[in-house]
Amino acid sequence: MTITEPPAPGDQDKTLGWITPSFEQGALLLADDEGRFFRLSWGELDKEAGGREDKRRALPAGKYVLAGYRIVERDADKAEWHVSATARKIRSVRVEAGVVQRIEIDATIRIGKRLKGKKIAMQIRGQRAGLSIYKQGRRIPIGYRLNGAGGDVLVSGAMRYG
């Protein structure tokens, strides 16, 4: 996959629209009708922004598909956590020339499970997409425990991604 560089915003360009995110730090991955991918980033992930206050990122007007996102947060100990999600189509996005559009990302993490005997299948999802959870740049294991009817632990361990 090749990432196409988004255009620099210019108030005089009538062919561009703008995207702003619902998060402070992170990135969005959008694909246009021609299959080009655009990565828009905010916060520390955006080296070119240099901490600018303008949260707008320019894209040519048109139809896009949100194909991925990353949301970055820090905990009380300043450890960096992020969730990263990808899917073919999380949702459709229409960019209109001269219009600023805010893209809302639900940061909720949903964990589903299936039990079959002593086998556990877990699914970790974000907003309509499979999701991985990272701390300090490393994907974290998700622990599990299956208790019997009497409360005794039948199986426990850490989930493997894949």
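So, I90, is that one out of contact with any helix residue (DSSP H, G or I) (no Cβ under 9 Å at 6 or more places or on another chain) and under 22 Å from P141 (Cβ atoms) or not?
So I90 does not fit the description; no.
Looking at R70 and the list (1) surrounded by fewer than 16 Cβ atoms within 10 Å (Cβ to Cβ); (2) assigned to a strand (DSSP E or B); (3) in contact with a strand residue (DSSP E or B) (Cβ under 6 Å, 6 or more places away or on another chain); (4) basic (K, R), which single condition is not satisfied?
Going through the list (1) surrounded by fewer than 16 Cβ atoms within 10 Å (Cβ to Cβ); (2) assigned to a strand (DSSP E or B); (3) in contact with a strand residue (DSSP E or B) (Cβ under 6 Å, 6 or more places away or on another chain); (4) basic (K, R), R70 breaks only (1).
Which numbered condition trips up V95, out of (1) surrounded by 11 or more Cβ atoms within 10 Å (Cβ to Cβ); (2) more than 17 Å from A27 (Cβ to Cβ); (3) in contact with a Leu (Cβ under 9 Å, 6 or more places away or on another chain)?
Result: V95 fails condition (2) only.
Answer yes or no: is there a residue in segment 58-75 that is under 15 Å from the mean Cα position of the chain (by Cα) and either modelled with pLDDT under 90 or more than 16 Å from P21 (Cα to Cα) (or both).
Yes, there is a match, as at least one residue in segment 58-75 is under 15 Å from the mean Cα position of the chain (by Cα) and either modelled with pLDDT under 90 or more than 16 Å from P21 (Cα to Cα) (or both).
Out of (1) in a strand (DSSP E or B); (2) farther than 24 Å from E34 by Cα; (3) within 18 Å of the chain's Cα centre (by Cα), the odd one out for K55 is which?
Here K55 meets the rest and fails (1).
For T108, are the conditions met, namely being of a type outside the set (A, V, I, L, M, F, W, C) and not in a strand (DSSP E or B)?
yes
Surrounded by 10 or more Cβ atoms within 10 Å (Cβ to Cβ), hydrophobic (A, V, I, L, M, F, W, C) and closer than 21 Å to M159 by Cα: does that describe V83?
yes
Before we move on, is I120 within 28 Å of V72 (Cα to Cα) and either surrounded by 10 or more Cβ atoms within 10 Å (Cβ to Cβ) or not acidic (D, E) (or both)?
So I120 does not fit the description; no.
The values are calculated or read from the model by the stated rules, or taken from the named source; none is laboratory data. No experiment lies behind these values; they were computed from the predicted model shown. So basically every Cβ, Gly included, is an ideal-geometry build from the backbone, and we count neighbours across all protein chains shown.
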